[in-house]
Amino acid sequence: MITTSISKRTAQLPAEKVLSARRIKTRSSQTAAYTCFSRGCATREKDACFRGPDYLAELLFPPLARFALNFAPLRKFMMRAMFPPGIYEYVMARTKVMDSAYVGALEAGFAQIVLLGAGFDTRALRFAGQNQGTRVFELDIATTQQPKLDILRQKKIPPPAGLTFVPIDFDQEDIYAVLSRAGYEPGQTSLFIWEGVTMYLTAEAVDGTLKFIRSHAAPGSRVAFDYIYASVLRRENRCYGEKGIYERIKKTGEGWTFGLEEGEIEPFLAERGFEMLAHYTPAELEKLYLTAEDGALHGRVNGTHCIVTAAVK
């Protein structure tokens, strides 16, 4: 049974099921690794129009994944085995949306960028040359963050100036308290990238994070995040690629727990003090990032996810 929490615009699983899905407390996030692998695979797309921009993702791969990346038959086999229909294409598009938000904040001279649940993100490294003084904070649970740090150390890749890695248990620790100890300054214009996270949280945690952003960032600050439709939690199978994806994610030990009702994102944000700037449905992501000039579709995006950017009022 799905229980409605916080407002009628959201849905989440019962609390006991939410708590049972916390594999990441003991091991590195498997979904973060899958996402990193898909970003690396996207850099091998033959058509430059669709090629992925994350040229550093492969540095974080284990040996087998690095071998597969350059051996097309094995790469394609692993992608079919790992990703439900449309998820690889979704990650391709989402990476470009979030990259645009990140670069936009740098160009606008934002004081701070905060990556909430950074996983194996490489933006602070990839865009270091465009950063003219913006502080960057990467937050994640230590079991995922530490392996990334170990790899960077092994490969002798120093973090760029202004990048701070901040370990946090989002279920147990207060974001503002942890960030403040790391040097975050309240009242500054900031960007928050919340990529591939909300669907793993409770409604209370989502609401609490948005409240933190609204309360401790200057008006005009932005948040970019993705979410799944609440109907996915109800197993309605209305979306392309939805069948099987819920169980696939659940098997990783990091199952989905939170969703928003279709068409409710704008009032959901308004109720929390945010103005929606852009909203990308699966169809819009296909049009923007997966459609050739002749109208041919390079691939379909899994229909369970949307992406939104919003500003603090």
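What the table below lists for this structure:
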| read-out | value |
| --- | --- |
| Of the trypsin sites (Lys or Arg not before Pro) in region 210-267, those whose Cβ has at most 15 other Cβ within 10 Å and which sit in DSSP loop | Arg234, Arg235, Arg238, Lys243 |
| Cα-based shape type of the chain, given that a ≥ b ≥ c are square roots of the gyration tensor eigenvalues and the cut on a/c is 1.5 | rounded |
| Cα gyration tensor, region 39-81 - rounded (a/c under 1.5), prolate or oblate | oblate |
| Candidate aspartates and glutamates - alpha carbon under 17 Å from Lys313, same-chain residues fewer than 8 apart omitted | Asp207, Glu266, Glu271, Glu275 |
| For region 200-313: rounded, prolate or oblate by the Cα gyration tensor [a/c cutoff 1.5] | oblate |
| Cβ-placed point charges (K, R +1; D, E -1), dipole of the chain about Cα centre in debye, nearest 20 | 980 |
| Fraction of beta bridges assigned by DSSP in the chain that are antiparallel (%, nearest 5) | 50 |
| Lys/Arg +1, Asp/Glu -1 at C-beta; the chain dipole; positive extreme among Leu60, Leu233, Val312 | Leu60 |
| Listed residues Asn70, Asn237, Asn302, most fluctuating in the chain (Gaussian network, C-alpha, under 10 Å) | Asn70 |
| Long pairs among Lys96/Lys156; Lys155/Lys243; Lys46/Lys250, criterion Cα-Cα beyond 31 Å | Lys155/Lys243; Lys46/Lys250 |
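Where a number appears in this text, it was derived from the coordinates with a stated rule and is not lab data. Worth saying up front: this structure is predicted, and the values here are computed from it rather than measured. Positions of Cβ are backbone-derived with ideal geometry, glycine not excepted, and every protein chain shown enters the neighbour counts.
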